[in-house]
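Report on the following structure.
Throughout, read-outs are computed from the coordinates displayed, never taken from laboratory work. Bear in mind that the values here come from a model prediction, so they are computed numbers and not experimental data. Virtual Cβ from ideal backbone geometry, glycine too; neighbours counted across all protein chains shown.
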Amino acid sequence: MQSGEEIVAELMRLAAVTAPKSMGQDYLEVKVCTREEMSRVAAEMLAIGKEKKTPNWDRDSKGIEKSGGLVLIGLMPHKGVGLNCGACGFKTCAEFDRAGAETDFKGPNCMLRLMDLGIALGSATKTAQLHNVDNRIMYRAGVAARRLGLMKSNAVFGIPLSVSSKNIYFDR
């Protein structure tokens, strides 16, 4: 029998996959993690925190460990949409297509594709909320998942899930 978090994680996956996309083109990658993958993400978050010597990686790692589910949503590699809008920092989409950099995430990324990612994240978290499952969008979980190769996306965010009498992602 599936847990409530597992059922809601699958519903979140569906919400993200069916969220509206710019020009009707899908560059999103969505994954529901196994318990083993969640443990790997939490351990990688600890390692990144030590490596970067920055706070809160350990705090968020503990949040992942206490969670009953984890959904990853990312933006796959893509070209510019051809609008030459400049929101990415380049004058033309052709310049954008030739550029590249990589740190926690890989870029540049088209602003319209990033909006698609944001809409999918909102659709997924709304779905969890409708089912009274506590959740939080986590940058750090996405960075760890990307470094582990769990996703092929340029940018990844994690959404851990918890069912308890108190939301574990606040008052941290």
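Counting beta carbons within 10 Å around each of K79, K31, K106 and listing the fewest first gives the order K79, K106, K31. Take the Kirkwood radius over Cα pairs of the range 38-86, plug it into Stokes-Einstein at 10 °C and 1.306 mPa s, and you get 121 µm²/s for translational diffusion. Distance between the C-alpha centres of the range 157-172 and the range 1-50: 15 Å, rounded to the whole angstrom. Within the set (1) 29, 20, 12; (2) 21, 20, 17; (3) 28, 18, 16, the number that semi-axes √(5λ) of the Cα gyration tensor in Å takes when calculated for this structure is listed as (1). Going from the residue with the fewest nearby Cβ atoms within 10 Å to the one with the most, E10, E5, E29 rank E10, E29, E5. Could you give the angle, 0 to 90 degrees to the nearest 10, between helix 111-130's Cα long axis and the longest principal axis of the Cα atoms of the chain? Orientation of helix 111-130: about 20 degrees from the principal axis.
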